[in-house]
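Taking it in order: structure first as C-alpha cells, then the write-up.
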Amino acid sequence: MKLVIAVVDRDDANAVNEILSQTGFSSTRLATTGGFLLAGNVTFLIGVEEEKVQTVIDLIRERSHSRKKLIPPSVEFGHGYYPGPMEVTVGGATIFVVDVERFEHV
Ligand code: 2BA
C-alpha cells in the first residue's frame, strides 16, 4: 500500500475532493499553510493500493491548475523582507508518494 500526499491550492480543493469521492478513493483533507506564501492550501492523504497510485495522480492533475500568485511583502527573502510585488507560479499540485509499512482500519 502507498500513501499519496497531495498539496493542492485551496481554489482546487473542492474539485479534487469531488473527483476522489466520485471515483471511490477515500481521502483525508487537512487544512494546511504553504511555508513560503503563508497562504492556505489543502493537503490530501490518500491511502491506496500501489497499482492505483497513477490513477489517483491523474485525477488530481486533472482537477488542479497552476496559477500566478503575488508574494506578500511579509515573506522573508534572503536577509530581509521582499518589498514585493513579485509573482510566483503555484501548482497544479505537489504530490509525494510514500510506502505504508502497515495499514489497520479497526
Ligand atoms: P508555498 O510554500 O506557499 O509556495 C508557493 C509557491 O511559491 C510555490 O509553488 C513556488 O512557486 C514558490 N516558492 C516556494 N518556495 C520558494 C522559494 N524558496 N523561493 C522562490 N519561490 C518559492 P509550488 O512549488 O507549486 O508549491 C505549492 C505549495 O506546495 C507550497 O506552498 C507548499 O505548501 C507545498 N510544497 C511545495 N514543495 C514542497 C516540498 N518540497 N515539501 C513540502 N511542501 C511543498
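Some observations on this one:
- With Cα atoms, 0 to 90° folded angle of helix 53-63 axis to the chain main axis: 50
- With the cut-off at under 18 Å, measuring from each backbone N in segment 1-36 to a point 7 Å along the Cα-to-Cβ line of residue 101 picks out 1-4.
- Relative contact order computed over the chain (Cα-Cα under 8 Å; 6+ residues apart), in percent: 37
- Positive end of the dipole of segment 1-72 (Cβ unit charges, origin at the Cα centre): among 24, 70, 59, the Cα lying farthest that way belongs to 70.
- Angle in degrees between helix 10-22 and the longest Cα principal axis of the chain, rounded to the nearest 10: 10
- 19 Å cut-off, amide nitrogen to a point 7 angstrom out along residue 51 Cα→Cβ, residues in segment 1-40: 1-4, 23-26
- Surrounding net charge for residue 17, when Lys and Arg each add one and Asp and Glu each subtract one, Cβ distance under 12 Å: +1
Rule-based calculations on the coordinates, nothing more; no lab input. Quantities reported herein were computed from a predicted structural model and do not represent experimental measurements. Heads up, the Cβs are rebuilt from the backbone with ideal geometry, glycines too, and the neighbour counts pull from every protein chain shown.
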